[in-house]
Amino acid sequence: MHYVDPAPGLYAQKCSRLLSEDEIRFAGIVNADGKLIAGGFKDGITPHENDETRLQSFLEFVSRASIRKEHDESLGPINYLAARRDKAVLVSFPFPVTRVLLLISAEPTANIEKLAKKAVDMFTSAS
């Protein structure tokens, strides 16, 4: 799967489009240093207690997992990593060329496959 690397302004625009989805609570682009460079929590959302800490921990996990390449040749590169928790679904999408991650937090009722397809379709399109 190949991702189109939009200009930084488009990252914010695409995160905003993802945040318009009912079940998505957080959509952000995080750089290799773990810094949020676009997106954030949906307006009006009260983060769960320690949401930001959990997102940071998940980011650290997916960053380590995403840079590991030992199975890429036999299984292909990682398209996304997902974790279903009692209070949230967390999904990350590595953009290997630009070395950034899209991180999404959604309601626990979210369908991970549908969510992943929307995110991939949005970030692989040029607009």
By my count, helices (runs of 4 or more DSSP H) wholly in segment 43-127 with at least 2 residues that are surrounded by 13 or more Cβ atoms within 10 Å (Cβ to Cβ) and at pLDDT 85 or above are 112-124
List every residue pair whose Cβ atoms lie under 9 Å apart, where the two residues are 6 or more positions apart in sequence or sit on different chains, the first residue falls within segment 97-121 and is touching a residue at least 12 places away in the same chain (Cβ under 8 Å) and basic (Lys, Arg), and the second residue, located anywhere, is surrounded by 16 or more Cβ atoms within 10 Å (Cβ to Cβ) and part of a helix (DSSP H, G or I).
118/18
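The values are calculated or read from the model by the stated rules, or taken from the named source; none is laboratory data. What you see is a predicted model, and the numbers here were worked out from it, not measured in a lab. Reconstructed Cβ throughout: ideal geometry from the backbone, glycine too, with neighbour counts over all protein chains shown.
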